[in-house]
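Written out below as structure tokens is the structure these notes cover.
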Amino acid sequence: MLHAPALKLVPTDQDDAVLAATRDVLASRPEMVVITTGYGLKRWLAVAETAGLRDDLVNMLRETAVYARGAKAKGQLQSEQIPCEYTGQSGRTSEIVDALIARDSRGTVAVQVHGITDDEQLTRLSDAGFTVLTVAPYQWASADEGSRLADLTRSIASGEVDYVTFTAAPAVDALFDAARAAGTYESLVSALRGGHCTAVAIGQCVCSRWKRPTCWP
């Protein structure tokens, strides 16, 4: 078994930015809020607590139509007794955006973005007539030490790995970036598409990266 961490979660360097965004959200009283990750909500509330805004934030969320990107986000909402109007099944932000656009009304939507902001989906909301606010409680950072991730791409590309597991879609991007740097990108994608290496994902949000029809979610 090979083990090569691709990403790690890190808090934002300046919580002042998170607090400023939180105050904007509270002042705007959005009609809808999107929670993309359970950890994101947990840390958002923790940062709000440092400024005495936690109760205000929780109460606002309880009075707002909240959309959860997946089961982890919904679980964190439930732990705070915050009702969830819609829970995505695919784990993709695009599904939540589709659901919002399908609404009869428009208004202000606050989006808790995760480590890598999906600008395409935020643009879709803006183009559809929504006023979009964002809060980014944390970011992704590389967890690769030395050449472990590059070595993993070489092993996948050469057919030495039968299965590769992913727990988050950004980790796929990190693997592909490492493969490009190592000169193994084409061989790695070919191995994943051709069935020489089977991808195993925690959800259904990663396999579209290499356009392979089969995956073990």
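The values are calculated or read from the model by the stated rules, or taken from the named source; none is laboratory data. Quick caveat, the model's predicted, so the values are computed rather than measured. With ideal geometry, Cβ positions are generated from the backbone for all residues, glycine too; neighbour counts draw on all protein chains shown.
A few comments on the model shown:
- Pairs where the first residue, in segment 1-25, is surrounded by 12 or more Cβ atoms within 10 Å (Cβ to Cβ) and in a loop (DSSP other than H, G, I, E, B) and the second is of a type in the set (D, E, K, R) and modelled with pLDDT of 75 or more, C-beta under 6 Å, 6+ apart: Ala4/Arg148
- Hey, Ile101 among the β-branched types (Val, Ile, Thr) and in contact (Cβ under 8 Å) with a residue 40 or more places away in the chain or not: no
- Cross-chain or 6+ apart pairs with Cβ under 8 Å, segment 70-84 first and among the charged types (D, E, K, R), then surrounded by fewer than 21 Cβ atoms within 10 Å (Cβ to Cβ) and part of a loop (DSSP other than H, G, I, E, B): Lys74/Cys84
- Residue within segment 52-72 that is of a type in the set (D, E, K, R) and either within 20 Å of the chain's Cα centre (by Cα) or not assigned by TED's automatic domain parsing to the domain that holds Asp98 (or both) present: yes
- In segment 39-55, the residues that are buried (at least 20 other Cβ atoms within 10 Å of the Cβ) reach residues that are of a type in the set (S, T, N, Q) with C-beta atoms within less than 7 angstrom, at least six apart or across chains, in these pairs: Gly40/Gln112; Leu41/Gln76; Leu41/Gln112; Trp44/Gln112; Ala48/Thr22.
- Within segment 122-137, the set of residues being modelled with pLDDT of 95 or more, buried (at least 17 other Cβ atoms within 10 Å of the Cβ) and either in a loop (DSSP other than H, G, I, E, B) or not assigned by TED's automatic domain parsing to the domain that holds Glu95 (or both) comprises just one member, Phe130.
- Qualifying residue in segment 32-43 (condition: over 23 Å from Asp15 (Cβ atoms) and touching a helix residue (DSSP H, G or I) at 6+ places or on another chain (Cβ under 9 Å)): yes
- Complete set of residues in segment 162-191 that are closer than 18 Å to Arg148 by Cα and among the polar types (S, T, N, Q): Thr165, Thr167, Thr184, Ser187
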